[in-house]
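Trainee: Quick one: the structure is below, and I'll ask about it shortly.
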Amino acid sequence: MRKRKPWKIIFIILLVLAISLGVFIYQQQYESSDLLVKVGEGLLDNAPEIFSGEPKEVRDLRKQEVADTDTEGTSQEYYFGLLNEEEQRGYREMIDGIKARKKEFYLTIYDDDTVNKVYHAVLMDHPELFWVHNRKQVYKTTFSDANYCMFSPGYSYTDEEIQEIQAAAENACQNVSTLLPEGADDYEKAKTVYTYLIDNAEYQESEDDQSMAGIFWKKQAVCAGYAGAAQYLLEYLGVPCIYVEGSTAGSTEGHAWNIITLNGEYYYFDATNGDQPEFLEGDAVQLAEHKTIIYDYLCPFPSEYEMTYTPSEEFPVPECTATAMNFYVLNQGCFDSYDYQEILAYCQMRLNNGAAVVRFKFSSQEAFDQAKAEWINGDAIQEAARYYMTLYGMSQVEYHYGILENLKTIYYMF
């Protein structure tokens, strides 16, 4: 005859007490006919926490339906679509907690790599969550033998500052909308956003430079701020836009830019590099009348852009191959070969149209080198300058030039 082990006896006693307590409590609320049913339901509801130690909040999270799309905003959530089912659940849990600005909250994901990956996807998909710290300042608590964690993202601004920044962002959306012509297509929207960002902000490091708050609130940011603000504005206007992070050739510094969709094709969009007047020669950069938008980074040729910038390997991004919406292609300012008379005629046409800036690019290195030899190192520009003087009845004119070697572009400012 086997003896009962003491721990088994204790367990049976505790179970009997639990049932008795449950019966007593439910007797106060239900008819006797429903009593056993309700007691059973109560035990079943609490059994997972009793036996697994998993909090009720976590079990409730696991029961929630995971939305396939951003139901409250305009984000296309590109990176969400690259996550597996478990990661997508964690993604939604993060967004809910961050939007509620909870100091800490449970996630049904737990290992470091997964949490970091999902958090980064959230940040890159949602520039409007500017108040949350970047991923280098995230803390989480894991529990022994548990497949969930407590997440503590940390926040950068007070509630009052958040409201102020959100108002500035909404104002930017309205300002951009008023700049658009009626019936504007997606390219016109992209160009308007590109121009707006460059006209209303400057590249400058600051405490707010890593998000759209720097652009809309302080009017200063670095590449992360430009790219986040561009994504926010473009998605508000209905233009699909992806935030991209990567590396810069010949530099240890990273870079952030965007990939947009126009007519079903992907294009690079880099407003940060469009805001760099330093490419002008001499003291021209100091002249207010020579401030110009560098449209070379609005839908640049992919092969040229990729010689300098490479996306991170953390997430795959769409391949950009199209050139049809390049600024120079659209404006008949891109030349496959070099011919002096052709370039002169183009310059005269631009001047006839009232342009103070004449710019043209070449699709081949050979053509660019030939043009540079005559228009920069030679005196080919003199004929265009004389035409300008005749056009405006001037006896002399001062001009400056700029060169973007990597994009094979030549600029003249009169």
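The values are calculated or read from the model by the stated rules, or taken from the named source; none is laboratory data. Treat the numbers as computed from the prediction; the structure is a model and nothing was measured. Positions of Cβ are generated from backbone atoms using ideal geometry, with glycine treated the same way; all protein chains shown enter the neighbour counts. For the accessible areas, the whole protein counts, side chains as well, though only heavy atoms, and no ligand, DNA or RNA atoms are used. Shrake-Rupley method; radii C 1.70, N 1.55, O 1.52, S 1.80 Å.
Trainee: When ligands, DNA and RNA are left out and all protein chains stay put, how many square angstrom of accessible area per residue does the stretch 296-372 have with a 1.4 Å probe?
Mentor: Numbers: 3490 Å² over 77 residues.
Accessible area per residue: 45 Å².
Trainee: Please name which of I162, F151, W131 has its Cα lying farthest along the dipole of the stretch 108-162 towards the positive end, using unit charges on Cβ (Lys, Arg +1; Asp, Glu -1) and the Cα centre as origin.
Mentor: Projecting each Cα onto the dipole axis, the largest value belongs to F151.
Trainee: Something else about it: Taking amide H positions as placed 1.01 Å from N in the peptide plane, with prolines and chain starts having none, which residues 5 or more places from F360, or on another chain, fall under 5 Å of its amide H?
Mentor: Here the answer is I410, since their amide H atoms fall under 5 Å of that of F360.
Trainee: Considering only Cα-Cα distances, which of the following residue pairs are longer than 26 Å: K63/K140; K219/K372; K56/K103; K102/K219?
Mentor: Numbers: K63/K140 22 Å; K219/K372 36 Å; K56/K103 19 Å; K102/K219 28 Å.
Beyond 26 Å: K219/K372; K102/K219.
Trainee: Where in the stretch 106-215 are there trypsin sites (Lys or Arg not before Pro) that are in a DSSP coil and have at most 10 other Cβ atoms within 10 angstrom of their Cβ?
Mentor: Passing both the DSSP loop test and the Cβ count: no residue.
Trainee: Now, a different point. In nm, to one decimal, how far is the A355 label point from the T310 one, both placed 7 Å along Cα→Cβ?
Mentor: For A355 paired with T310, the spin-label model returns 3.5 nm.
Trainee: Per the 1.4 Å probe, what fraction of the accessible area of the stretch 309-387, in percent, lies on carbon and sulfur atoms?
Mentor: Numbers: 1700 of 3870 Å².
Taking all protein chains in place, the stretch 309-387 shows 44 percent carbon and sulfur surface.
Trainee: Shifting gears a bit: If DNA, RNA and ligands are ignored and the probe is 1.4 Å, what is the ranking of Y268, Y399 by accessible area, most exposed first? Working shown, then result.
Mentor: Working: Y268 15, Y399 65 Å².
Of Y268, Y399, the descending order of accessible area is Y399, Y268.
Trainee: A further question follows. Taking 20 °C and 1.002 mPa s as the conditions, I'd like the Stokes-Einstein D for the stretch 61-175 in µm²/s, using the Kirkwood hydrodynamic radius from alpha carbon pairs.
Mentor: D, rounded to a whole number, is 144 µm²/s.
Trainee: Using a 1.4 angstrom probe with every protein chain in place, what is the largest-first accessible-area order of M389, M307?
Mentor: Values: M389 40, M307 140 Å².
Correct descending sequence by accessible area is M307, M389.
Trainee: Related question: Could you work out what % of the accessible surface of the stretch 89-228 is carbon and sulfur, using a 1.4 angstrom probe and leaving DNA, RNA and ligands out of the count?
Mentor: It is 41 percent, rounded to a whole number.
Trainee: Now for a different question. Extension gain N147-N263, at 0.36 nm per residue separation less the Cα-Cα distance, in nm? Mind showing how you got there, number by number?
Mentor: Numbers: separation 116, 0.36 × 116 = 41.76 nm, distance 4.37 nm.
The span from N147 to N263 would gain 37.4 nm if fully extended.
Trainee: So if I take the centroid of the Cα atoms in the stretch 367-414 and the same for the stretch 181-217, what is the distance between those two points in Å?
Mentor: Going from one Cα centre to the other spans 30 Å.
Trainee: Fully extended, how many nm does the chain gain between L391 and N116 (0.36 nm per residue separation, minus their Cα-Cα distance)? It would help to have the intermediate numbers written out before the result.
Mentor: Working: separation 275, 0.36 × 275 = 99.00 nm, distance 6.10 nm.
Result: 92.9 nm gained on full extension.
Trainee: Taking 0.36 nm per residue of sequence separation and subtracting the Cα-Cα distance, how much length would be gained by fully extending the chain between L344 and E65, in nm to one decimal?
Mentor: Length gained between L344 and E65: 94.1 nm.
Trainee: Just want the answer: with Cβ charges of +1 for Lys and Arg and -1 for Asp and Glu, which residue in F327, T390, A355 is farthest toward the dipole's positive end in the stretch 311-400?
Mentor: In the stretch 311-400, that residue is T390.
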